[in-house]
Amino acid sequence: MTELLIRLFVSDYASTEKPQVRERYGKFAGIVGVVSNLILFLMKAVTGILTGSVSILADAVNNLSDSASSVITLVGFKLSGKPADREHPYGHARIEYISGLIVSFLILLLGFQLLQESAAKIFAPEETSFSPAAIVVLVLSCLIKTWQCLFYRKVGRRIASPTIEATSADSRSDVFSTLAVLLGLVVSQLTSFNLDGYMGVAVAVLILWTGVKVVKETSDPLLGTAPSRELVDEIYHAILSYDGILGLHDLNVHTYGEGRVFASVHCEVNAHEDIMESHDLVDVIERDFLKDRNIHLVIHMDPIVIDDERTNALRDQVRQVIAGISPEITMHDFRVVWGTTHSNVLFDVCVPFEFRYSDDALLDEIANGIYMLGKNYVPVVTVDHSYVPDHRGND
């Protein structure tokens with residue numbers, strides 16, 4: 001059914017790499033959420049009022065908040081599709097994450113309110129009436145919410161939207177909350193023990209848990225997260241496939257919303273190659289990345305000497321020193337300024353975050369190891385920290 005709806009209401013649905021198609025998916029998901037959740041709210045609100053059940057009314061208000069969340073999602077996708085301008089040269093796609101964060105705070109606010117009301121019902125319970133219609137409404141609600149969960153999950157994964165995937169998780173939790181209300185209604189009828197307030201508390205706690213989870217999922221992209229290992233491996237493999245690129249390092253990837261990726265990297269080339277040819281190669285790679293992967297790539301070119309025997313021999317020795325300190329360290333930009341009284345050994349090392357050595361302690365360890373190779377070697381070392389998942393660099 002989901003696929004049929006997508007084909008009917010999302011034009012050019014297969015071209016999910018296009019920003020305008022992605023926006024259509026987001027707006028369609030928002031409209032579906034608004035309509036379906038309003039229907040659920042009306043059904044449960046009427047049932048809750050007629051039966052006097054606070055847990056059913058709590059579940060109804062939960063659906064009303066879901067409808068409001070869908071409106072925010074709808075507006076967020078509309079605004080995120082705005083083109084870049086002078087004030088926002090990287091586009092407006094991160095508005096999608098902001099809308100998701102607003103939704104998460106609404107969920108938390110609702111959860112606190114329902115928790116207070118339901119807790120009050122535990123200490124001052126009110127009589128509720130059992131109604132077969134209420135059972136039918138709750139069962140129907142579970143079925144609709146299950147479909148919503150699957151619908152949002154499919155759309156969210158298809159367009160890689162954390163906001164819509166978070167909505168899928170919210171719908172899944174709504175299924176369990178409605179089941180809890182249904183269970184409480186049945187048990188109360190069978191045992192004459194009023195579980196209405198307790199089930200309301202259970203629903204509220206579930207809503208709060210969902211809200212906290214959604215806060216984390218929607219705030220992470222705003223704070224800035226590391227690129228996926230798959231993307232890093234793809235970038236490394238693609239760049240190294242070009243003849244003339246000897247290695248690369250210092251890869252940085254910044255995402256300003258889905259499909260808006262900016263990256264920079266240092267690429268090593270033979271120092272004896274014609275600089276114009278090397279520069280032309282770098283230009284070709286940058287253009288290919290934009291055309292084939294929609295990644296705005298900027299390459300810094302690092303010329304390295306590869307045919308000097310003394311430099312190569314010392315590089316191998318220093319590499320062994322580095323490996324002896326930790327296999328997590330990679331080395332790049334190695335060069336030597338040979339002199340008569342001393343020789344400067346210059347290179348960078350890259351370490352992961354939360355490395356067991358501080359930068360100063362690591363520099364001392366490296367310096368001691370290089371002094372063991374020769375008293376006339378003067379190490380000039382820079383410590384970098386990796387901004388991508390571990391990938392064995394090339395030096």
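Looking at (1) modelled with pLDDT under 75; (2) in contact with a Phe, Trp or Tyr (Cβ under 7 Å, 6 or more places away or on another chain), find the lone condition where Tyr90 falls short.
For Tyr90, the failing item is (1).
Which of the numbered conditions does Ser343 fail, given that it passes all the others? Conditions: (1) more than 30 Å from Asp274 (Cβ to Cβ); (2) touching a strand residue (DSSP E or B) at 6+ places or on another chain (Cβ under 7 Å); (3) of a type in the set (Gly, Ala, Ser).
Status for Ser343: all satisfied but (1).
Report, by residue number, each residue of the stretch 6-20 that is assigned to a helix (DSSP H, G or I), in contact (Cβ under 8 Å) with a residue 60 or more places away in the chain and surrounded by 13 or more Cβ atoms within 10 Å (Cβ to Cβ). Steps first, answer last, please.
Taking the stretch 6-20 and keeping what is assigned to a helix (DSSP H, G or I), we get 6-9, 19-20.
With the extra rule that they be in contact (Cβ under 8 Å) with a residue 60 or more places away in the chain, the set shrinks to 6, 19-20.
The answer is Ile6, Pro19.
Looking only at the stretch 38-96, count how many residues are under 28 Å from Ala160 (Cβ atoms) and not basic (Lys, Arg).
Matching residues across the stretch 38-96 total 32.
Gly52 - would you say it is surrounded by fewer than 21 Cβ atoms within 10 Å (Cβ to Cβ), over 24 Å from the mean Cα position of the chain (by Cα), among the small types (Gly, Ala, Ser) and assigned by TED's automatic domain parsing to the domain that holds Lys121?
Answer is yes for this residue.
Could you tell me whether any residue of the stretch 298-307 is out of contact with any Lys or Arg (no Cβ under 8 Å at 6 or more places or on another chain) and at pLDDT 95 or above? I'd like the intermediate steps shown before the answer.
From the stretch 298-307, those out of contact with any Lys or Arg (no Cβ under 8 Å at 6 or more places or on another chain) are 298-303, 306-307; that's our starting set.
Those left that are additionally at pLDDT 95 or above: 298-299.
Checked the stretch 298-307: at least one residue is out of contact with any Lys or Arg (no Cβ under 8 Å at 6 or more places or on another chain) and at pLDDT 95 or above.
Looking only at residues in the stretch 109-126 that are aliphatic (A, V, I, L, M) and buried (at least 18 other Cβ atoms within 10 Å of the Cβ), which one is nearest to Asp170 (Cα to Cα)? So that I can check it myself, show each step before the final result.
Initially, the stretch 109-126 is screened for residues aliphatic (A, V, I, L, M), giving 109-110, 114-115, 119-120, 122, 124.
Subsequent filtering for residues that are buried (at least 18 other Cβ atoms within 10 Å of the Cβ) retains 110, 114-115.
Details: Leu110: 13, Leu114: 16, Leu115: 17 Å.
Ranking the candidates gives Leu110 first.
Please tell me if Ser278 is at pLDDT 90 or above, within 23 Å of the chain's Cα centre (by Cα) and not hydrophobic (A, V, I, L, M, F, W, C). So that I can check it myself, show each step before the final result.
Details: at pLDDT 90 or above: yes; within 23 Å of the chain's Cα centre (by Cα): no; not hydrophobic (A, V, I, L, M, F, W, C): yes.
No: the conditions fail for Ser278.
Restricting attention to the stretch 281-296, and to residues there that are at pLDDT 95 or above and in contact with a Phe, Trp or Tyr (Cβ under 8 Å, 6 or more places away or on another chain), which single residue is surrounded by the fewest Cβ atoms within 10 Å (Cβ to Cβ)?
Filtering first and then ranking leaves Val284.
Pairs needed: first member in the stretch 351-378, in contact (Cβ under 8 Å) with a residue 40 or more places away in the chain; second member anywhere, of a type in the set (Phe, Trp, Tyr) and assigned to a loop (DSSP other than H, G, I, E, B); C-beta distance under 8 Å; at least 6 residues apart or different chains.
If the second residue must be of a type in the set (Phe, Trp, Tyr) and assigned to a loop (DSSP other than H, G, I, E, B), the pairs left are Glu365/Tyr357.
Residues to consider are Val46, Val32, Val61; find the one that is out of contact with any Leu (no Cβ under 9 Å at 6 or more places or on another chain), of a type in the set (Val, Ile, Thr) and assigned to a helix (DSSP H, G or I). Reasoning before the result, please.
Working: Val32 fails: out of contact with any Leu (no Cβ under 9 Å at 6 or more places or on another chain); Val61 fails: out of contact with any Leu (no Cβ under 9 Å at 6 or more places or on another chain).
Exactly one residue qualifies, and that residue is Val46.
The values are calculated or read from the model by the stated rules, or taken from the named source; none is laboratory data. What you see is a predicted model, and the numbers here were worked out from it, not measured in a lab. No Cβ is skipped: glycine too gets one built from the backbone with ideal geometry, and neighbour counts run over all protein chains shown.
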